[in-house]
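All of the numbers you see were taken from the coordinates with simple rules; none came from a lab. This is a predicted model, so every value here is computed, not measured.
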Amino acid sequence: MRTQVAIVGAGPAGLLLSHLLHLNGIESVVLETRSRADIEATIRAGVLEQGSMDILDQAGVGERMRREGALHHGFELAFGGKRHRIDLTELTGKAITVYPQHEVIIDLVAARLAAGGQLLFEASEVALHGTDTAQPSVTFSHQGEAQRLLADFVIGCDGFHGVSRPAIPAGVRQDFQRTYPFGWFGILVESAPSSDELIYAQHERGFALVSTRSPTVQRLYFQCDPQDHVDNWSDDRIWSELHARTASDGGWKLNEGRIFQKNIIGMRSFVCAPMRSGRLFLAGDAAHIVPPTGAKGMNLAISDVRLLARALEAFYQRGTEELLDGYSDAALKRVWRAEYFSWWMTRLLHTFADASPFERQVQRAELENVVSSRAMRTALAENYVGAF
């Protein structure tokens, strides 16, 4: 097989890149180890920045997002029994949309297939070869047949545990990582939304987040031990913990309902630099991971492939490699700002078991400073909506 761009991974990064390349007349093949049903059914959170929404719209895949996504013009910080609204639109002129990642994937798969795109699901034994040469390739097995895909470039969009990042030589690559001493316990609940906007709650017992998935489904999280197990948490215990952490003055309380999914996710910050080696480029979770507190994961993936699509367009249409050569530096500048913001939000809102009484009081003072200072609210809002 021969193509211009081989893309490993059919997440938001790989699928959107393939579609952006198609719109510019550039051929690609997307390889994915999982089935189409699996990637479209894996439920993950999704907060889209204004810029991400615009890119999806410009690519012709934003219609359902605009129709079914929840457009939010602000969110609330809750602590000390009070809730404080951060008015994103008033502070920045921008908004965000809550639209789960798997819905973005469904839209992108449909768009690629409608355009005749080559998506090879359930590809196994994927391996990269010759990425430091002018003729890289990817070998894999598909439908029981061993195959080799020749390409001009290989783009690794296969996530943190994929094969792409390890293909960058250890002497070239530098990994930066922090693993947090807590995780998030997430539940999906059949009920009406408890709030029109997201609520980020800081409490001495730990962080909690109130979000929605649809008019009939809530997505709720609370800070937990990452080594805990969902079987240790009865529904009654979950509701008791969530009510305690989100309680506020004025009589507001969470809407309860049938819990139909429980899971625990660990939290880490991770960056691989550079994001390029020879003809291999990394994008999305293959190159960086952020804790979910800052709602940056999918947005960074979209930002990466926007840069890559422009760079590949310049290469094929004008014969210049300037944007390809500058890709890693340009992407990492955005990545590190998002890493900082996600780390800051995580530190601001979570309870650290080893924090001293002094540190806990400083954390509360910082929260008070954020909600009372327009300058700090603006900085928070600009980072949240990606207005930089």
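Enter the mean projected area of the convex hull around the alpha-carbon atoms of the chain, in nm², rounded to one decimal.
With every direction weighted equally, the projected area is 19.8 nm².
Just Met65, Met53, Met376 to compare: in a GNM of the chain, with alpha carbon springs under 10 Å, which one fluctuates most?
Among Met65, Met53, Met376, the largest mean-square fluctuation in the Gaussian network model of the chain belongs to Met376.
Using only the Cα atoms of region 38-108, what are the Rg and Dmax in Å?
14.1, 44
Tell me, how many Å apart are the Cα centres for region 72-115 and for region 273-308?
19 Å
Under 21 Å from the Cα of Lys82, which lysines turn up, not counting those fewer than eight places away in the same chain?
Within the straight-line limit of under 21 Å, Lys82 reaches these lysines: Lys253.
For the chain, what does the helix formula give at 222 nm: sum of -39500 (n - 2.57) over DSSP H segments with n ≥ 4, over the residue count, nearest 500 deg cm²/dmol?
Calculated at 222 nm, the ellipticity per residue is -11500 deg cm²/dmol.
Taking Cα atoms, how many degrees apart are the long axis of helix 101-114 and the longest axis of the chain, rounded to 10 and kept between 0 and 90?
On a 0 to 90 degree scale, this one is about 30.
Determine the relative contact order of region 105-244: mean sequence separation of Cα pairs under 8 Å and six or more apart, normalised by residue count, in whole percent.
It rounds to 14 percent for region 105-244.
To test your reading of the geometry: what angle, between 0 and 90 degrees and rounded to tens, separates the Cα axis of helix 374-385 from the longest principal axis of the chain?
Around 40 degrees separate the two axes.
Please compute the contact order of region 257-388 in relative form: average sequence separation of alpha-carbon pairs under 8 Å and at least six residues apart, divided by the residue count, as a percent.
22 percent
Taking the Cα centre of each part, how many Å lie between region 155-220 and region 321-388?
Centre-to-centre (Cα) distance: 15 Å.
Give me the three principal axis extents of region 1-50 from the C-alpha atoms, as integers in angstrom, largest value leading.
In descending order, the Cα extents are 34, 30, 12 Å.
In bins 5 Å wide, starting from 0, what share of all Cα pairs of region 189-261 does each bin hold, as a percent?
3, 16, 28, 27, 19, 6, 1, 0
List the lysines whose Cα sits under 17 Å from the Cα of Lys333, skipping any in the same chain fewer than 8 residues away.
By straight Cα distance, Lys333 reaches Lys296.
With contacts defined as alpha carbon pairs under 8 Å and 6 or more residues apart, what's the relative contact order of the chain in percent?
Averaging sequence separation for qualifying contacts and normalising by length gives 20 percent for the chain.
With axes computed from alpha carbons, what is the tilt in degrees of helix 297-318 against the longest principal axis of the chain, rounded to the nearest 10 within 0 to 90?
Long axis of 297-318 versus the principal axis of the chain: about 30 degrees.
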